[in-house]
Structures are given as structure tokens and as C-alpha cells.
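Worksheet: the structure to be examined is printed underneath.
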Amino acid sequence: MQQTILRASSGAVTGRPTASPVPSRCTQRVRLAHCRPVGAAVLNRPDSEEGLTYKKAGVDIDAGDELVKRIQKMNPNIGGFGGMVPFGDSFLVAGTDGVGTKLKLAFDLNKHDSVGIDLVAMSVNDIITLGAKPLFFLDYFATGFLEVDTAENVIKGIVEGCRQSDCVLLGGETAEMPGFYQKGEYDLAGFAVGAVKKEKLIDGKNIKAGDVVLGLSSSGVHSNGFSLVRKVLEVSGTSLHDTTPWDSTKTFGDVLLVPTHIYVRKVLELHDKVGLKGVVHITGGGMPDNIPRVIPDGLGVNVKDGSWPMPELFKWLQAAGKVPTDDMRRTFNMGVGLVMVVDPSQVAEVQALAPDAFVLGEVVAGDGVKYV
């Protein structure tokens with residue numbers, strides 16, 4: 001029998017959130033997700049039948065594309081990073097996501113205190129692309145056998161993620177389902193809700209040719225692409241306990257379990273003080289698939305190849321797995337966790353407030369993303 005344990009903070013309504021009056025699956029990317037290859041390579045490895053691909057690692061991007069197309073026939077209100085509902089002079093903005101097979105690494109290393117940060121990050125980073133301030137977060141923890149210490153460590157990470165996001169962990173559900181999960185394993189899902197004043201909504205409509213595209217670095221792989229990461233580790237005979245060749249003080253486990261960076265405070269400050277035309281969370285699909293989601297029709301983006309600091313981890317993954325360049329771009333963030341579009345006159349002001357922001361490229365007439 002399934003046992004569900006509903007958790008809620010003091011004063012919270014202890015039930016599932018009600019359905020939105022405007023149905024939305026706008027974050028339905030079939031996580032890890034439906035992506036398109038684009039133009040010139042960031043790295044220089046040619047495509048090869050001998051190398052690993054995302055599909056060979058078990059993720060069928062074409063099947064994900066097909067599912068999204070079918071969902072769009074039932075509900076055309078999808079495609080953005082968050083779903084919106086009018087609420088007085090504001091929009092409520094909601095997003096949902098999980099952590100994916102990064103959890104497998106947590107199981108192998110018996111380290112569970114950081115994946116909760118990933119869980120929060122994947123949803124709050126989505127809703128801030130619309131300018132929304134996260135208000136509250138709900139989690140779903142499912143397992144075959146409830147190991148209390150493990151669950152406590154996971155939820156500690158969720159609490160920390162909410163702290164970094166300045167939102168409340170309003171509640172959640174713990175589901176114990178014997179026979180459904182392997183012993184010692186669990187799955188996570190998270191749901192974030194925020195709000196933005198209608199006049200502060202970031203919708204990309206004012207983006208024009210000549211605008212500047214800025215990037216913020218990722219903390220690593222974040223929470224996309226771990227099916228391919230795990231396959232590369234397997235075929236290369238690399239253990240999570242092995243020291244990385246580029247940093248003798250860290251193991252692969254250390255590097256790969258670094259939690260997804262949370263951009264909430266920085267993005268909201270920049271939008272409040274400068275005004276951002278567009279914001280993109282770089283998740284499954286990388287820059288080629290995600291940037292076009294906020295760019296108006298008739299416009300594209302030229303990304304200056306090599307203009308950002310690419311972590312050595314991505315270079316190692318490509319070399320060790322002989323991964324074609326297109327699959328690297330379709331699968332990973334490649335070191336860029338978040339992208340912002342601003343007027344050229346705003347670049348200096350943005351970089352004064354966020355010195356780690358770097359110029360990636362510019363908006364041009366055309367479509368898609370090209371590396372130049």
C-alpha cells in the first residue's frame with residue numbers, strides 16, 4: 001500500500017495546490033529534452049558514429065520532441081519557462097522540474113544534502129526568466145522505503161535552496177511506495193510559484209537587432225545531461241572517487257555533485273535597477289535550443305565562440321566519451337547557466353552590478369543561434 005505523508009510549514013494549507021484557471025504545461029520540455037543542433041562547433045570534435053550520444057545513453061530526443069508536439073495539440077499554451085495566471089496587478093508565475101539522474105550519483109556516493117538545492121534551482125531559475133520573485137516552493141519526495149536520515153538530508157538541501165531563493169518552503173509530500181523503487185533510491189519533484197507586476201514582466205517583446213547578449217557562468221553540469229555523464233564515466237572506466245585530471249584536490253564526484261547555481265537574487269536586482277529585455281535559463285537543449293524561446297520571430301543570436309570560460313569538465317566529457325559536438329551542445333550548458341538580453345547602452349551598468357557577467361554575442365536579423 002502506498003503511504004503518503006503530507007508535510008506543511010506552520011500556517012500552510014495542507015493540500016495539493018489547485019489547478020490553474022489557465023491550463024499550462026509551459027515548462028514541459030521532457031526534461032533533458034527536445035533540442036535542436038545548431039551551426040559551428042564550440043569545441044572541435046567532429047561528429048562520429050563511434051562516439052557516445054545522448055540517444056546511446058538512453059535519452060531519445062526525437063521521442064521527447066514528439067510528445068511535446070502532441071501536448072501542444074491539446075494545450076497550445078506551452079513553450080515558455082513558466083506558466084502565468086493574472087492576479088490583480090500582477091501575474092502569478094509557476095514552474096516545475098526535478099533533478100533527473102543526477103540522483104544516481106547521490107545514491108552511489110551516499111551524499112544527499114545538495115540535491116535539494118538542485119531541485120529548488122531548476123524551478124526558481126525558470127520563473128525568474130519572466131521577472132517573477134519566487135514566493136513559495138513545494139516538494140514531492142518518493143521512495144520505496146523511507147530512510148529518515150536520508151530524507152532529512154534531502155530536505156535540508158531544499159531548505160537551503162529556498163533560503164538562497166528568498167522563498168518559503170510551504171510544504172510537500174513524502175510518498176512511500178514499496179516495490180516501486182530500488183532500495184536506497186528515491187525521486188524528487190519540485191514546484192515553485194512567484195509573482196511579478198504586470199509592468200515588470202520580462203517577455204522579450206522589446207528585443208531588437210543590435211541588443212547585447214550577456215552570460216552568467218554555470219557551477220558545472222547543473223541538473224541536465226547526467227544520463228550521458230554516467231555513460232561517459234562507465235565507458236571510460238572512471239570512478240566517482242577518481243581524482244580529476246585538471247584539479248588534484250577534487251574527485252569526479254565532488255565536481256559532478258556541485259549543486260545548480262541559483263540566480264534569483266542577481267537577476268531580480270539587475271531587472272529592478274537596469275531592466276532586462278530577456279532572460280534565458282540554460283537547461284536541456286543548451287544555448288541553441290533555449291535562447292530562441294525568448295527571441296521574437298525574425299531575429300536570431302550570434303554567439304562569439306570562446307567568449308566564456310568553459311569548465312574543463314565539459315572538455316573531459318567530450319574527449320573521454322568521444323561525444324559529437326552537436327550532442328555536447330544539445331545536452332549541456334557548456335559553462336553558461338543563464339543568459340540575459342539588454343540594450344547596448346546598459347551593458348556597462350549591468351557589468352558594474354554583476355562583474356561576472358560576460359558578453360556572449362548579439363541579437364541579429366535571422367533566426368536560431370549561430371556561433372561566430
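Here segment 187-211 is the region considered, the condition is being open to solvent by less than 20 Å² (accessible area, probe 1.4 Å) and either assigned to a loop (DSSP other than H, G, I, E, B) or in contact with an Asp or Glu (Cβ under 8 Å, 6 or more places away or on another chain) (or both), and the residue that is farthest from V303 (Cα to Cα) is L188. Entry remark, segment 108-122: residues being open to solvent by less than 40 Å² (accessible area, probe 1.4 Å) and either assigned to a helix (DSSP H, G or I) or in contact with a Phe, Trp or Tyr (Cβ under 6 Å, 6 or more places away or on another chain) (or both) number 8 in total.
From the set of residues in segment 247-272 that are open to solvent by 70 Å² or more (accessible area, probe 1.4 Å) and among the hydroxyl-bearing types (S, T, Y), which is nearest to G194 (Cα to Cα)? So the residue we want is T249. Scanning segment 128-145 for residues that are within 22 Å of E173 (Cα to Cα) and either part of a helix (DSSP H, G or I) or not aromatic (F, W, Y) (or both) yields a total of 7. Among the conditions (1) open to solvent by 40 Å² or more (accessible area, probe 1.4 Å); (2) under 18 Å from the mean Cα position of the chain (by Cα), the only one that N125 does not satisfy is (1). Filtered by the rule that a residue be closer than 19 Å to V274 by Cβ and touching a helix residue (DSSP H, G or I) at 6+ places or on another chain (Cβ under 7 Å), segment 173-199 gives a lone residue, V196. Can you list residue pairs whose Cβ atoms sit under 7 Å apart, with the first residue in segment 66-89 being free of Cβ contacts under 8 Å to residues at least 40 places away in the same chain and the second being assigned to a helix (DSSP H, G or I)? Count only pairs 6 or more apart in sequence or on different chains. Listed pairs, sorted by first residue: none to list. Annotation note: of G131, G179, G95, the sole residue that is among the small types (G, A, S) and open to solvent by 50 Å² or more (accessible area, probe 1.4 Å) is G179. Between V363, V339, the distinction of being open to solvent by less than 60 Å² (accessible area, probe 1.4 Å), in contact (Cβ under 8 Å) with a residue 60 or more places away in the chain, in a strand (DSSP E or B) and closer than 30 Å to P245 by Cβ belongs to V339 only. Checking the stated criteria, D326 turns out not to satisfy the condition of being out of contact with any Asp or Glu (no Cβ under 7 Å at 6 or more places or on another chain), acidic (D, E) and open to solvent by 10 Å² or more (accessible area, probe 1.4 Å).
Out of all the residues in segment 69-92, which are surrounded by fewer than 17 Cβ atoms within 10 Å (Cβ to Cβ) and out of contact with any Ser or Thr (no Cβ under 8 Å at 6 or more places or on another chain)? Even if it seems obvious, please write down each step before you answer.
Step one: filter segment 69-92 for residues surrounded by fewer than 17 Cβ atoms within 10 Å (Cβ to Cβ), giving 69-77, 79, 85-89.
Across segment 69-92, the qualifying residues are K69, R70, I71, Q72, K73, M74, P76, G79, P86, F87, G88, D89.
Restricting segment 218-246 to residues that are touching a strand residue (DSSP E or B) at 6+ places or on another chain (Cβ under 9 Å) and of a type in the set (S, T, N, Q), the residue that is surrounded by the most Cβ atoms within 10 Å (Cβ to Cβ) is S223. Pairing each residue of segment 242-254 that is assigned by the TED database to the domain that holds S219 and modelled with pLDDT under 95 with any residue that is assigned to a strand (DSSP E or B) and open to solvent by 70 Å² or more (accessible area, probe 1.4 Å), provided the two are 6+ apart or on different chains, yields no C-beta distance under 8 Å.
The values are calculated or read from the model by the stated rules, or taken from the named source; none is laboratory data. Given the structure is predicted, the values throughout are model-derived calculations rather than measurements. FYI the Cβ positions are ideal-geometry reconstructions off the backbone, even for glycines, and counts take in every protein chain you see. Please note that ligands, DNA and RNA were not included when accessible areas were found on the heavy atoms of the full protein model with its side chains. Shrake-Rupley method; radii C 1.70, N 1.55, O 1.52, S 1.80 Å.
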